[in-house]
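The values are calculated or read from the model by the stated rules, or taken from the named source; none is laboratory data. Just so it is clear, the structure is predicted and the values come from calculations on it, not from any experiment. Using ideal geometry, Cβ is built from the backbone for each residue, glycine included, and neighbour counts are taken over all protein chains shown.
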Amino acid sequence: MTRPPFEAPAESDIAEVSRQLGRPARDVVGIAARCVCGAPTVVSTRPRLADGTPFPTFYYLTHPAATAAVSTLEAEGRMPALAALLEGDVASAYRAAHEQYLADRAHYGDVPEIDGISAGGMPDRVKCLHALVGHALAAGPGVNPIGDLALAESSWSPDVCQCAAAPADEAVETPDAPAVIPVETPDAPAVMLVEPVETPDAPAVMLVEPVETPTPSGAAP
Ligand SMILES: [Zn+2]
């Protein structure tokens, strides 16, 4: 786990992340979490991409086995149960995690378009477990309660290397797509997050968050 300021990512790290994503990794400012083998699992991305696009998802889960395991949790319908935990101390901790997320991201510049918008549904909803697990891995246990729980429930662990078991080259099929499409309406401060999902014997499919606007455009940083 690592939080800002980061060491500049090594070329070998960028190469591995690009392999995981199946396309060149862009605007990566640091490696926020790693597998026990040293491979990146979470990258931190500049909140304004080089092409000017605002990018709120500062902690992005890149590891194919991890994203697949978290996709399984989402597909199993775990998000409502996790959201139901957002009361009392858990809700307070989740809001604090949101604030820490924003503070971490602010090390790399203020981007007015995404002011106050973090990721994953924080501070009061659960909308993308990939973003929340990414934050939990970066921040370490005890910061993001929903991310911690989702990670614990998933079949993936940063302590067990599954790098070789997760061929990543099939994970993403839109190498030239734009990065994100931010949505700025007050009632829907969500952004389009695109997470690769691996299936055993079919090309990867793209899940687009939020699910109520399933436009299959966009890709990760
Ligand atoms: Zn590994």
Within segment 18-38, can you find the residues that are assigned to a helix (DSSP H, G or I) and closer than 23 Å to R105 by Cβ? S18, Q20, L21
Do we have H63 as out of contact with any Asp or Glu (no Cβ under 9 Å at 6 or more places or on another chain) and within 16 Å of the ligand (Cβ to nearest atom) here? yes
For A39, indicate whether it is surrounded by fewer than 24 Cβ atoms within 10 Å (Cβ to Cβ), closer than 14 Å to L149 by Cβ and either in contact with a Cys (Cβ under 7 Å, 6 or more places away or on another chain) or small (G, A, S) (or both). no
Please tell me if A33 is within 19 Å of Q162 (Cβ to Cβ) and within 16 Å of the ligand (Cβ to nearest atom). yes
Among the candidates P47, P5, which residue alone is in contact (Cβ under 8 Å) with a residue 24 or more places away in the chain and either in contact with a Cys (Cβ under 9 Å, 6 or more places away or on another chain) or surrounded by fewer than 19 Cβ atoms within 10 Å (Cβ to Cβ) (or both)? P5
For V90: the one exception among (1) away from the ligand (no atom under 16 Å from the Cβ); (2) under 22 Å from W156 (Cβ atoms): (2)
L151 fails exactly one of (1) more than 18 Å from L85 (Cα to Cα); (2) modelled with pLDDT of 95 or more; (3) not acidic (D, E), namely (1)
Counted residues in segment 9-38 being without any contact (Cβ under 8 Å) to a residue 12 or more places away in the chain and either touching a Phe, Trp or Tyr at 6+ places or on another chain (Cβ under 8 Å) or of a type in the set (S, T, Y) (or both) come to 2
Odd one out for A15, checked against (1) in a strand (DSSP E or B); (2) over 23 Å from L151 (Cα atoms): (1)
